[in-house]
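Encoded as structure tokens, the structure appears first; notes follow it.
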Amino acid sequence: MPDWEFIADHANYWLFILLMMTGFYIVVSRGNLVKKVVGLNIFQVSVFMFYISIGKVTGGTPPILPVDLQVDPDEVYSNPLPHVLILTAIVVGVATTSLALALIVRIREEYGTIEEDGILAIEQETVREENSLHGEAMSGRA
């Protein structure tokens, strides 16, 4: 029989796992490049939420020193490091997403599609054409 108290106490971890696997599934199963970027963002947000939640200390106060610099040794402080790291990661994530979307726009301009299968088919056709042209040039020299 499942331990419901354990499951309820770790609900945030179950949410992270659900979000992470949803994002991973979208990235792996979809051929549309924009959907892949959305899946990566969902995956990324689940990691952000995980790190922020482990930085929270129940009953902890913000790590701000008092004006008189007399620190109470019994005081419990929250760890600010995960929050700072995630703030930086959010900025990097936004920049990465914007770069990915800009590349998708260029791919759409070049190939006329943002579906992986279509891009691969066009690439294979281009390689075949180049090989046949190269073969004709070689036979013409002989």
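Here are the numbers:
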item	result
Trypsin sites (Lys or Arg not before Pro) within the range 1-107: DSSP coil, no more than 13 neighbouring Cβ in 10 Å	Lys56
Radius 14 Å from Cβ of Ile64, net charge of other residues (Lys, Arg +1; Asp, Glu -1)	-3
Centre separation in Å (Cα based) which lies between the range 16-51 and the range 105-139	30 Å
Nitroxide proxy distance, nm - points 7 Å out along Cα→Cβ at Ala8 and Ile54	2.6 nm
Measure of compaction for the chain (Cα Rg per 2.2 N^0.38 Å)	1.77
Cα-centre dipole for the range 1-94 with unit charges at Cβ (Lys and Arg positive, Asp and Glu negative), debye to 20	920 debye
Pairwise FRET efficiency - Asp74 versus Val94, Cβ, R0 = 41 Å, nearest 0.05	0.55
At least 15 Å along the helix axis (C-alpha) and Kyte average at least 0.0, DSSP helices within the chain	11-29, 33-55, 81-111
Value of [θ]222 nm, deg cm²/dmol, for the chain, DSSP H segments ≥ 4, -39500 (n - 2.57) each, nearest 500	-25500 deg cm²/dmol
Computed lengthening from Glu125 to Phe24, 0.36 nm per intervening residue step minus Cα-Cα distance	33.3 nm
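The numbers here are math on the coordinates, done by the rules we state, and not lab data. What you see is a predicted model, and the numbers here were worked out from it, not measured in a lab. Don't worry about glycine lacking a Cβ; one is built from the backbone with ideal geometry, like all the others, and counts go over all protein chains shown.
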